[in-house]
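**Q** To start, I am sharing the structure in question, which I have written as structure tokens.
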Amino acid sequence: MNQQVLEQKKQLVEEIAGKMGDAASTVVVEYRGLSVAELTELRRQLREENIEFNVFKNTMVQRASEKLGYDELMDALKGPNAIATSADEVNASRILCKFARKHDKLVVKGGVVSGKVVNADEVRELSKLPNKEGMLSMLLSCLQSPVRQFAATVKAIADKDAEPATEAN
């Protein structure tokens, strides 16, 4: 094999490993049977959420996965696949699973979330979670609720004590 071609392949494996290693989540999908219009729509939705969607040769993704220690991902890397990488743990799975519900040709096969290889069922479960901002908002609501109730109770007691006492004659 030509040394230049071999060097290009090594660089591509490094690039894929870098994308997968830096991402909070990577989702592997099979796109066989989707029309160009459907793929364009999917790419647009992913781009709006800053999610990269790439098609690489399976052997290159397999080598990058081996390099990162994601050996369990090999089963998902068969057939025409694409990978979506995201800085958020749930955004990619949420968008891809939502799209797959409307377009049965898109098949979610698995992925990596926070360095842990997950199967298709786990990706679907993750897709049901809100994104990071939504989770932080829910946490903040939970933390504020007791304080709000305490403040309302103190105010009610203060208002009751401030009422003028009426004496019955």
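**Q** From the residues PRO80, ALA64, GLN45, which one has its Cα farthest along the dipole of the chain in the positive direction, the dipole being from +1 and -1 charges on Cβ of Lys/Arg and Asp/Glu about the Cα centre?
**A** Checked the options; the winner is PRO80.
**Q** Could you order the peptides 6-12, 148-154 from most to least packed, using the average number of other C-beta atoms within 10 Å per residue?
**A** So the order, starting with the most tightly packed, is 6-12, 148-154.
**Q** Among the aspartates and glutamates, which have Cα under 12 Å from the Cα of LYS19 when same-chain residues fewer than 8 positions away are ignored?
**A** GLU52
**Q** Taking a label point 7 Å from the Cα of ASP22 along the Cα→Cβ vector, which residues of segment 56-91 have an amide N closer than 12 Å to it?
**A** Answer for segment 56-91: 86-87.
**Q** On to the next question. GluC sites (Glu not before Pro) within segment 8-86: which are DSSP loop residues with at most 12 other Cβ atoms inside 10 Å?
**A** Those that pass, being in a loop and sparsely packed, number zero.
**Q** Let me ask something else. Read through the labelled values (1) 15.8; (2) 10.6; (3) 13.0 and report the label of the one computed as mean projected area of the Cα convex hull in nm² from the structure.
**A** It is the one labelled (1).
**Q** Let me ask something else about it. Taking +1 at the Cβ of each Lys and Arg and -1 at the Cβ of each Asp and Glu, which of SER114, SER137, ASN54 sits farthest along the dipole of segment 34-169 towards its positive end, judged by Cα position relative to the Cα centre?
**A** Looking along the dipole axis, the top candidate is ASN54.
**Q** Follow-up. Only Lys, Arg, Asp and Glu count, each charged at its Cβ (+1, +1, -1, -1), so figure out the dipole size of the chain about its Cα centre, rounded to 20 debye.
**A** Value, rounded to 20: 700 debye.
**Q** Further question on the same structure: If I require 30 Å or longer along the helix axis, counting alpha carbons, and a Kyte-Doolittle average no lower than -0.5, what helices from the chain are left? Use full DSSP H segments.
**A** Helix filter hits for the chain: 132-162.
**Q** Ok, one more. Hey, which of these cross-link pairs are over 31 Å Cα-Cα: LYS10/LYS78; LYS67/LYS102; LYS10/LYS128; LYS9/LYS98?
**A** LYS67/LYS102; LYS10/LYS128; LYS9/LYS98
**Q** Sticking with this structure for a sec: Looking at VAL90, ALA152, GLN8, which one has the Cα that reaches farthest to the positive end of the dipole of the chain (charges on Cβ: Lys, Arg +1; Asp, Glu -1)?
**A** GLN8
Only the coordinates and a few stated rules stand behind these numbers; no lab work does. Keep in mind that this is a model prediction, so the values were computed, not measured. Note that we place each Cβ from the backbone using ideal geometry, even for glycine, and neighbour counts take in every protein chain shown.
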